[in-house]
Amino acid sequence: MTHDVRQFGMLIDGRLVQERGALLDILNPATEEVVARVPDATDDQLAAAADAAGRAFTTWRSVPLAKRRRIVRAMGGAVQENLDELTALLTSEQGKPLSSARKEVESVVAWADWLATCEFPEEETRENDTHRLRIRNVPLGVVAAIVPWNFPVALAFRKIGPALLTGNTVVVKPSPFTPLTMLRFAELVRDIVPPGVVNVISGGDSLGPRLTSQQGIQKFSFTGSTVTGKKVMDAAARQLARVTLELGGNDAAVILPDVDLDSVADAIFESCFRNSGQVCLATKRVYVHDDIYDEFATRLVRVAAQARVGNGMDEGVTLGPVQNQVQYRRIVQLIEQCERSGLAFLLKGEVPDGPGYFIHPTILDNPPDAAAVVSEEQFGPVVPLLRFRDVDDVVARVNDSEYGLGGSVWSADLEAASRIAERIDSGVVWVNEAQRVLPNFPVAGHKASGIGSENGIEGLLQYTSPQVISVRKP
Ligand code: NAD
C-alpha cells in the first residue's frame, strides 16, 4: 500500500465505534484501489445499535414536532457545510462524476428543507355530540434503513429524514460497497441528534440478513433489488415488522412520432445513461415509433458516442465506472450474450482493460422483447431501442413486465401522452421528462417494484400508525 488508507467508525448510541472486529476494504471503482476501511459490525455491535435506537425512541417520540423539524433541517445544514468533502468522498467510493455526486449530496439538503416545512398531519380531531376522537399518526419505533450502492447518500436520507420527523429512531445499513459517505454523515450529525436516534453500522454481505433477524425493529425500509426485497419481507414477516420496499424497475420510454428529435434524444440519453444506467428509475427500454425510429436512433447514437467515460474525479468526465465488480461482470456478460444471440448493435461501447469497471454506452437495435436485455433489469450502460407502430400494442408490451416502477411518454400532444401514461402500470409516469423525483410526491413501486411508497406526505405516513383516542363525553 503506497498511500494512507483512512479508517472510518460506526455511529452507535452517539459514539464513534471502530476499535473491535474485522475491517472491510472499500474500493474506488475507477481505480480498484482501497480508499478506506470500515468496521464489519459484530453481532454485539448490531444489537447495541438496535438497543440504543430502542432506548432513544422512548424520549425522541415525545420531542415536539417543531424541534424534530429543526433537527432534521440541521442535519441538512451539516451536509451543506461539508458539501465539498462529502462530494469527493462519494465519488471516491461510488464512481459517479463529481458534478453528479454534488447533486446527490445537495439533494439531502433539499429533502431536509422540505421535511422541515411540510404539512404533516400529526393529529386530527373529529367530534360529534357524544364523542371526541383524536386520530394521531404515531411513530412505529426503531426503523432499520437498508440502502443500495447507486445513490448511497440520497436514498439513505430519504429514509432517515422522514423516520426522524415522524418520531422514529433509525439503524442505517449502507451497502458494503458504499458505506463511507454515510459513515462520515453519521460523524457530522453526531452532535445534532440525541444519542441513539441515528445509528449507522457497516458490514459485509452477512450484515443485511443479521439485521433483518434482529429483534426490536418495528420497520424495515429497504431499497434494493427485487430478489433481496423478497428476502427482507420474508424475514420481517417472522416478527411482523412493517416494510417499505423500493425495488427494481424496467422503465420504458414511449416516443411518439411528433417529438422534437434532437431534444428528446438528449433527454433520453440522460435518462438511460445517467449514473452509468445504475438508477432504479432509469429508462431501461426505449420504444420509438417506426416513423422516426431511424432518425431518432442516429441522434441517440451521436449523443451517446460523445459521452466521456472515465474516473469521476477527472474534469469533463460525464459517466463514471460501473460501481462494483459483480455488476460490471453482469453487464459484460449481458453484452456478450447479446452478441452470441446475433442481436444488432446501434452502438457497441468499448470495454477497456482495467483497472476500473468502465463500460461505454451500448445501444441495441430492435432486439426481440424476449431478449434478456429487454425483459430483465440491466442496471448498467446498455439499452435496447425498440420499434412500435400501434399505441395499444406498445402499451401491452410495456406492461408485459414483472416490474412497475416508472416510465415516460414523449409527445407534443400532452393530452394524448397523458392518456397513454395512465395506461402504464407503474408508480410514476412522466410526460416529456423522466427520472424527476422531488421530496413532495410519492414514488410507489407497483407489481414486483415494491410495496408502499417513499417521499411526499404519503411516504412520511408510512413511518406512522394511526392511534385513536376516543373520549366519550359526559
Ligand atoms: P441489493 O438488493 O443487492 O442490496 C441492497 C441492500 O440490501 C444492500 O445494503 C445489501 O447489503 C442489503 N442486503 C443484501 N442481502 C440482504 C438480505 N438477505 N437481507 C437484508 N439486506 C440485504 O441491491 P443493490 O445491488 O445494492 O442495488 C441495485 C438494485 O436496487 C437495483 O435492482 C435497483 O433497481 C434497486 N433500486 C431501487 C430503488 C427504488 O427506489 N425502487 C432505488 C435504487 C435502487
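Can you tell me how region 251-438 classifies by the Cα gyration tensor, rounded, prolate or oblate, using a/c under 1.5 as the rounded cut? Display every interim value, and only then the final one.
Numbers: a/c = 1.65, a/b = 1.51, b/c = 1.09.
Note, shape of region 251-438 comes out prolate.
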Residue-normalised accessible area of region 13-140, given per residue in Å² at a 1.4 Å probe: 48
Inter-probe distance in nm under a simple model that places probes 7 Å from Cα toward Cβ, at K103 and D390: 3.8
Accessible area of region 251-438 belonging to carbon and sulfur atoms, whole % at 1.4 Å probe: 45
Spin-label model distance (nm) - Q215 vs I469, 7 Å beyond Cα toward Cβ: 3.1
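Can you give me the relative contact order of the chain as a percent, contacts being Cα pairs under 8 Å and 6 or more apart?
On the way: 1086 pairs, mean separation 87.6, N = 474.
Relative contact order here is 18 percent.
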C-alpha long axis of helix 65-81 to longest principal axis of the chain, angle in °: 50
Amide H within-cut-off set for V138, under 5 Å, with H built and near neighbours excluded: S465, Q467
Proximal lysines relative to K230, as straight alpha-carbon distance under 26 Å, when same-chain residues fewer than 8 apart are discounted: K159, K173, K219, K284, K447
Helix 226-238 vs. the chain, principal-axis angle (Cα, 0 to 90°, nearest 10): 20
Average accessible surface area per residue within region 301-350, 1.4 Å rolling probe, Å²: 55
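Tell me the relative contact order for region 251-438 as a rounded percent, counting alpha carbon contacts under 8 Å between residues six or more apart.
On the way: 350 pairs, mean separation 52.2, N = 188.
This gives 28 percent for region 251-438.
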From phi via Karplus (6.51, -1.76, 1.60), per-residue ³J(HN,Hα) for region 324-333 in Hz, x at Gly/Pro: 8, 5, 4, 5, 4, 5, 4, 6, 4, 5
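With +1 on the Cβ of every Lys and Arg and -1 on the Cβ of every Asp and Glu, and nothing else charged, how large is the dipole of the chain about its Cα centre, in debye rounded to the nearest 20? Mind showing how you got there, number by number?
On the way: 48 positive and 60 negative charges, 451 e Å.
With Lys and Arg at +1 and Asp and Glu at -1, about 2160 debye.
Figure the gain on full extension for S225 and L23 (residue separation times 0.36 nm, minus the Cα-Cα span) and round it to one decimal in nm.
Working: separation 202, 0.36 × 202 = 72.72 nm, distance 2.56 nm.
Net length gain for the segment: 70.2 nm.
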Residues with amide H under 5 Å from that of V383, placed H, sequence gap 5 or more: T362, I363, L364
With Cα atoms, 0 to 90° folded angle of helix 261-273 axis to the chain main axis: 50
Dipole axis of the chain (+1 Lys, Arg; -1 Asp, Glu on Cβ), positive-most option in L140, G9, A416: L140
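The values are calculated or read from the model by the stated rules, or taken from the named source; none is laboratory data. Remember, predicted model here, so these are calculated numbers, not experimental data. We place every Cβ from the backbone using ideal geometry, glycine too, and count neighbours over all the protein chains shown. Surface accessibility is based on the protein's heavy atoms, side chains included, excluding ligands, DNA and RNA. Shrake-Rupley method; radii C 1.70, N 1.55, O 1.52, S 1.80 Å.
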